[in-house]
Amino acid sequence: MSFMSNIPLPDGILEKAKNILGEDNTLFAVVGDIKMDGSYGKSALVFGRDKVAAFDDAHENGYTSVDYEDIERAKVKRLYGNALFRVKLKDSGKDRLNPDGGNKNDNGGKWVNLIRFSYAAADMADAAAVFAETCRDEGYSDNLLEAVRSTYMKMRSFCPKCGRKLPSPDSPCFNCAGKGKMFSKLAKYVLPEKYNLIFCIILSAVTTGLSLMPTYITKIMVDDVLPNKDTEKLGKIIIFLILLYIVQYLLTGVRQYRLRCASDGIITGLKKDIFAKAQYLPMRFYDKSSTGSVINRVNSDTQTVKEFVMRISQEAIVQFFTMVGIVIIMFGIDWQLALLALCPIPLVVFISRRFRKMVSPKYRRLWRRSSAISTMLADSIPGIRVIKAFSNEKRVINKFERYCDEWRKEDQHTGMYAAIFPTLITFFVSCGSLLIWAVGGRWSVNGDYGVTAGILVSFISYAATFYNPVNFFANLSDSYANAIASAEKILDIIDAEPEHNFGAYKNDEPLQGKIEFKNVNFSFDRSKKVLSNINLTIEPGDIVGIVGTTGSGKSTLINLIMRYYDDYDGEILIDGKNIKDIDMGYYRSQIGFVQQEPLMFRDSVFNNIAYGCGDVHVEQVMHAAQIANAHTFISKMPDAYDTMLGERGVGLSGGEKQRVSIARAVLKNPGILIFDEATAAVDSETEFLIQGAIEKLIRGRTTIMIAHRLSTLRKANKIVVVDKGEIIECGAPDELLKRKGKYYKLVQIQSMSEQLLKEKQSENFE
Amino acid sequence: MILRYIDGPEARFTLKDKIFVDMEFYHTGEVFKDMELRRMFPVSGKNKYIAVIDGDGNEQAMIRDISNLDEKSRKAVNDCLEEYYMMPRILKFTEMTDKFGIWMWTAITDKGEVKFEIRNHITAVKPLFDNRVLIKDANDNRYEIPDYTKLDKHSLKLITPNL
């Protein structure tokens with residue numbers, strides 16, 4: 001097997017490790033990026049079958065080693081922005097550290113820091129700590145190394161080309177994909193509109209050709225018609241020009257309509273895909289991205305990209321045709337004057353490139369400001385009740401005004417560049433016209449090179465038209481920079497790794513409901529472990545209560561069962577099958593989840609109950625509502641099941657919303673039920689009603705209940721006590737009460753507080 | 001629980017094993033061993049409101065302001081916090097490559113040179129009102145620019161578009 005190391009070992013370390021551990025006894029290494037004194041530098045732990053060697057300048061001779069059998073505990077101590085690999089040596093009075101030399105002090109019973117590292121190495125170090133402890137207890141086996149290898153493989157998900165970390169193993173590397181690839185991804189949305197776009201391009205070519213004719217006719221007028229006072233020819237030319245304009249503007253109108261249709265198609269496709277993708281993005285994405293920035297991407301960025309696509313696919317082509325057409329005509333009329341007209345081009349191209357370099361970063365800043373406004377809107381408008389309740393209107397307004405002012409300042413700053421550069425370009429373009437006047441005018445006056453007044457006038461006119469496309473291409477960089485910034489944000493969602501295996505596996509077998517956690521460890525980020533070493537078995541039909549203080553990790557356990565987070569260490573099995581091998585859509589359809597704050601959608605009560613159930617019979621919905629003790633209050637409302645709920649269920653009380661959400665779960669008829677503090681936010685009377693609904697629902701189903709009020713768990717046949725991310729007690733309620741541990745204490749505390757409450761209430765009544 | 005505030009030199013702190021302190025109250029003679037220190041405001045007020053917590057995570061006291069402690073204790077507390085909190089101060093940016101919003105930065109910090117990756121510049125780079133900038137890399141490591149306006153011209157050019 002190959003040697004594993006999170007990053008390559010520093011030179012010479014492996015040789016030294018082989019000397020300490022034995023030639024064929026180096027299995028894997030954890031390479032740290034911080035020295036013990038806190039400065040950046042390399043350190044390493046090299047693990048063998050029976051001991052670990054640590055390399056850091058802080059150790060005597062630059063290294064130390066410890067036998068696994070001398071380790072009482074091995075752990076990763078997470079600090080702020082860094083971590084330590086520590087071992088506690090067994091207390092027996094002898095020198096257990098570096099027995100081959102170096103430190104000869106009595107260090108038994110002490111904690112020793114072996115190496116320091118940033119969070120980049122934390123996962124591998126965690127696996128290494130478990131490896132060392134298990135080797136001490138059970139001796140080395142290949143299976144133990146496999147556990148380390150699986151963590152190593154998860155970490156190794158980086159691009160083979162550039163070495164950057166990938167969002168997940170085997171996913172494409174954003175860094176190595178060029179901007180061309182980015183546009184080819186966006187081409188997917190343009191292709192369905194190709195016929196419309198091609199039709200518009202043909203119309204463009206025709207209208208461009210037509211638009212060039214009047215200038216040529218001007219030359220004829222100046223050189224032939226006016227000097228010869230040929231009024232008949234003048235009349236014919238006027239009629240011809242009228243017909244020309246009618247055809248030209250008619251075709252332009254048709255083109256504009258078809259373009260609108262095409263652009264609507266592109267933007268709709270983009271919006272649909274972003275929204276659809278957003279539904280399948282893992283919770284981790286939403287943990288880190290604000291809803292405002294996602295909304296901004298759907299609304300504003302799609303618009304920016306669409307505008308750019310239209311400019312590229314239409315205007316750019318039209319302007320290109322115009323430019324080529326004019327060049328051909330100009331060289332056809334007079335090649336010397338044509339060369340004069342082309343003089344400012346290199347300057348225009350140079351300024352344009354410079355402009356693009358300068359303006360791109362400004363658009364990124366502008367995007368940040370604009371996103372901040374969207375985020376503020378997305379936060380404050382739905383939270384208007386809280387704002388009002390705290391009379392916080394003024395502060396919110398001030399904050400919003402500050403964001404708007406920052407945006408305005410940034411936009412004006414960007415606008416200044418956006419204004420100066422095109423103006424500069426226009427200035428040079430105008431200088432080009434002056435050059436034609438200065439040189440061409442002299443030639444015309446002197447009668448040199450056959451330049452007539454008609455040729456000069458038409459040339460000036462062509463030059464002015466010619467500089468339009470030049471100007472357009474020069475300014476294209478502005479919208480290009482803007483579009484790149486937006487396209488990046490869009491692709492950030494479209495290319496993001498979705499939740500795994502939706503529709504990947506076929507599974508029609510209903511779940512029996514046996515749930516097993518095997519050595520599950522989890523952290524939201526690397527700075528703090530939320531769940532440690534979770535081992536738990538729940539049998540089909542069990543009613544399990546999960547109790548613990550706030551922040552102990554109860555809801556995280558549920559989040560893992562729901563597969564909101566899939567990147568944990570260890571395994572979760574349902575009916576003996578790893579949940580990661582079950583189709584995600586099917587899996588979640590088998591679980592009924594009732595949350596503390598049930599979310600209602602802006603729809604009728606009926607549709608809120610039938611949410612996610614497709615075609616469902618009216619009586620099934622009413623039956624579900626009856627089981628959930630919701631039917632009575634629904635039927636008393638004037639519009640009963642047709643009652644439209646406002647945003648977030650406005651119109652229903654907390655307890656009513658909870659019962660509607662239970663009815664939702666009833667209708668789903670799941671094999672596994674999860675209640676996350678379902679009765680925490682309601683009064684005792686409502687709790688009684690909800691409790692009754694729950695008891696009807698859970699019969700014969702595996703049920704997991706998180707509850708602060710232990711009275712809610714009176715039906716539970718198993719209690720799991722979670723504390724600081726670990727299961728500290730697990731068993732039947734009576735058994736745990738006899739043990740007089742944490743559960744016993746919780747029951748005692750609650751009984752006392754309930755007793756006090758009753759006494760207080762009776763005092764008040766008296 | 002009522003917080004036990006330490007206002008002045010009524011408690012003595014001694015550093016232990018770099019990341020722990022022993023806390024002793026002069027008047028009562030109470031001794032708390034192997035305590036850990038946590039900043040309550042690691043971003044906005046590094047030297048004020050330092051929680052003293054025991055091995056079980058229970059808070060035993062709160063230092064209102066480190067500067068009010070006696071000199072030895074102040075040093076012990078500062079050394080302990082310096083050891084625990086690793087947020088290198090960025091002094092200079094030497095290189096930045098950016099594609100698709102994923103950056104690779106090379107920076108000179110007070111702890112040495114470091115290369116790190118940023119995934120989402122909106123959430124990872126947080127400018128504060130006092131010109132400070134906090135950066136969190138793809139591995140959740142943290143960095144600080146004490147005052148971005150005081151960076152050299154090249155560094156400023158690199159960081160400004162992302163603020």
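It is to be established whether one or more residues within the range B:129-143 are part of a strand (DSSP E or B), among the polar types (S, T, N, Q) and within 9 Å of another protein chain (Cβ to nearest Cβ). Spell out how you get there, then give the answer.
Quick first cut of the range B:129-143, residues part of a strand (DSSP E or B) only: B:133-136, B:142-143.
Now restrict to residues that are among the polar types (S, T, N, Q): none.
For the range B:129-143, residues part of a strand (DSSP E or B), among the polar types (S, T, N, Q) and within 9 Å of another protein chain (Cβ to nearest Cβ): absent.
Quick test for you: out of A:GLY62, A:GLY41, A:GLY22, pick the one residue that is surrounded by fewer than 19 Cβ atoms within 10 Å (Cβ to Cβ), under 24 Å from B:MET86 (Cα atoms) and over 37 Å from the mean Cα position of the chain (by Cα). Steps first, answer last, please.
On the way: A:GLY41 fails: over 37 Å from the mean Cα position of the chain (by Cα); A:GLY22 fails: under 24 Å from B:MET86 (Cα atoms).
Of the residues listed, the single one that is surrounded by fewer than 19 Cβ atoms within 10 Å (Cβ to Cβ), under 24 Å from B:MET86 (Cα atoms) and over 37 Å from the mean Cα position of the chain (by Cα) is A:GLY62.
Okay, residues lined up against (1) among the acidic types (Asp, Glu); (2) closer than 15 Å to A:ILE728 by Cβ; (3) in contact (Cβ under 8 Å) with a residue 60 or more places away in the chain; (4) not in a strand (DSSP E or B):
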residue: A:LYS528; (1), (2), (3), (4): no, no, yes, yes
residue: A:ASN533; (1), (2), (3), (4): no, yes, yes, no
residue: A:THR537; (1), (2), (3), (4): no, no, no, no
residue: A:GLY541; (1), (2), (3), (4): no, no, yes, yes
residue: A:ILE546; (1), (2), (3), (4): no, yes, yes, no
residue: A:ASN559; (1), (2), (3), (4): no, no, yes, yes
residue: A:ARG563; (1), (2), (3), (4): no, no, yes, yes
residue: A:ASP566; (1), (2), (3), (4): yes, no, yes, yes
residue: A:ILE572; (1), (2), (3), (4): no, no, no, no
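Can you tell me which residues in the range A:60-82 are in contact with a Leu (Cβ under 8 Å, 6 or more places away or on another chain) and touching a residue at least 40 places away in the same chain (Cβ under 8 Å)? Steps first, please.
First, pick out the residues of the range A:60-82 that are in contact with a Leu (Cβ under 8 Å, 6 or more places away or on another chain): A:64-66, A:70-72, A:76-77.
A:THR64, A:SER65, A:VAL66, A:ILE71, A:VAL76 - these are the residues of the range A:60-82 that are in contact with a Leu (Cβ under 8 Å, 6 or more places away or on another chain) and touching a residue at least 40 places away in the same chain (Cβ under 8 Å).
Go through A:SER461, A:SER433 for me and flag whichever is touching a helix residue (DSSP H, G or I) at 6+ places or on another chain (Cβ under 7 Å), free of Cβ contacts under 8 Å to residues at least 40 places away in the same chain and more than 14 Å from every other protein chain (Cβ to nearest Cβ). So that I can check it myself, show each step before the final result.
On the way: A:SER461 fails: free of Cβ contacts under 8 Å to residues at least 40 places away in the same chain.
Matching residue, one of A:SER461, A:SER433: A:SER433.
In the range B:144-158, which residue that is in a helix (DSSP H, G or I) and of a type in the set (D, E, K, R) is nearest to the other protein chains (Cβ to nearest Cβ)? Steps first, answer last, please.
Filtering the range B:144-158 for residues in a helix (DSSP H, G or I) gives B:148-150, B:153-158.
Cutting the leftovers down to of a type in the set (D, E, K, R) gives us B:150, B:153, B:157.
Numbers: B:LYS150: 19, B:LYS153: 14, B:LYS157: 8 Å.
Ranking the candidates gives B:LYS157 first.
For the range A:574-609, name all the residues that are of a type in the set (Lys, Arg), under 25 Å from A:ALA678 (Cα atoms) and either over 24 Å from the mean Cα position of the chain (by Cα) or part of a loop (DSSP other than H, G, I, E, B) (or both). Lay out the reasoning, then the answer.
Residues of the range A:574-609 of a type in the set (Lys, Arg): A:577, A:580, A:588, A:602.
Checking which are under 25 Å from A:ALA678 (Cα atoms) leaves us with A:588, A:602.
If the condition is that a residue be of a type in the set (Lys, Arg), under 25 Å from A:ALA678 (Cα atoms) and either over 24 Å from the mean Cα position of the chain (by Cα) or part of a loop (DSSP other than H, G, I, E, B) (or both), then A:ARG602 is the only one that fits.
Say whether the condition of being within 30 Å of A:ALA372 (Cβ to Cβ), away from chain A (no Cβ under 11 Å) and either among the charged types (D, E, K, R) or not in a strand (DSSP E or B) (or both) is met by at least one residue in the range B:77-93. Let's see the steps before the verdict.
Going residue by residue through the range B:77-93, those that are within 30 Å of A:ALA372 (Cβ to Cβ) are B:85-93.
Retained after the next criterion (residues that are away from chain A (no Cβ under 11 Å)): B:89-93.
Filter once more, so that each one left must be either among the charged types (D, E, K, R) or not in a strand (DSSP E or B) (or both): B:89, B:92.
Scanning the range B:77-93 turns up at least one residue that is within 30 Å of A:ALA372 (Cβ to Cβ), away from chain A (no Cβ under 11 Å) and either among the charged types (D, E, K, R) or not in a strand (DSSP E or B) (or both).
At pLDDT 80 or above and surrounded by fewer than 19 Cβ atoms within 10 Å (Cβ to Cβ), is that true of A:ALA716? Explain how you work it out, then say what you get.
Details: at pLDDT 80 or above: yes; surrounded by fewer than 19 Cβ atoms within 10 Å (Cβ to Cβ): no.
Spelling it out, it is not the case that A:ALA716 is at pLDDT 80 or above and surrounded by fewer than 19 Cβ atoms within 10 Å (Cβ to Cβ).
Answer with yes or no whether A:ARG284 is farther than 22 Å from A:ALA485 by Cα, charged (D, E, K, R), in contact with an Asp or Glu (Cβ under 9 Å, 6 or more places away or on another chain) and part of a helix (DSSP H, G or I).
On the way: farther than 22 Å from A:ALA485 by Cα: yes; charged (D, E, K, R): yes; in contact with an Asp or Glu (Cβ under 9 Å, 6 or more places away or on another chain): yes; part of a helix (DSSP H, G or I): yes.
In short, yes.
Can B:ARG64 be described as basic (Lys, Arg) and either free of Cβ contacts under 8 Å to residues at least 40 places away in the same chain or within 13 Å of another protein chain (Cβ to nearest Cβ) (or both)?
No: the conditions fail for B:ARG64.
Can you name the helices (runs of 4 or more DSSP H) wholly within the range A:610-713 that have at least 3 residues being crowded, with 19+ Cβ neighbours inside 10 Å?
Working: elements: A:618-627, A:631-636, A:654-668, A:684-697.
It comes to A:618-627, A:654-668, A:684-697.
When you check B:PRO161 against the structure, is it touching a Leu at 6+ places or on another chain (Cβ under 6 Å) and either within 13 Å of chain A (Cβ to nearest Cβ) or within 20 Å of A:TYR286 (Cα to Cα) (or both), yes or no?
On the way: touching a Leu at 6+ places or on another chain (Cβ under 6 Å): no; either within 13 Å of chain A (Cβ to nearest Cβ) or within 20 Å of A:TYR286 (Cα to Cα) (or both): yes.
Criteria not met by B:PRO161.
Out of all the residues in the range A:523-539, which are at pLDDT below 85 and more than 14 Å from every other protein chain (Cβ to nearest Cβ)?
Going residue by residue through the range A:523-539, those that are at pLDDT below 85 are A:523-530, A:532-533.
Selection gives A:ASN533 alone.
Say we look at the range B:106-128 and pick out the residues that are free of Cβ contacts under 8 Å to residues at least 24 places away in the same chain and part of a loop (DSSP other than H, G, I, E, B); which of these is nearest to the other protein chains (Cβ to nearest Cβ)?
B:ASN120
Out of A:LYS154, A:LYS88, report the one residue that is at pLDDT 60 or above and assigned to a strand (DSSP E or B). If you could, list the steps in order and put the result at the bottom.
Details: A:LYS154 fails: assigned to a strand (DSSP E or B).
Within the list A:LYS154, A:LYS88, the selection yields A:LYS88.
The values are calculated or read from the model by the stated rules, or taken from the named source; none is laboratory data. Computed from a predicted structure; not experimentally measured. Every residue, glycine as well, gets a Cβ built from its backbone with ideal geometry; the counts of neighbours run over all protein chains shown.
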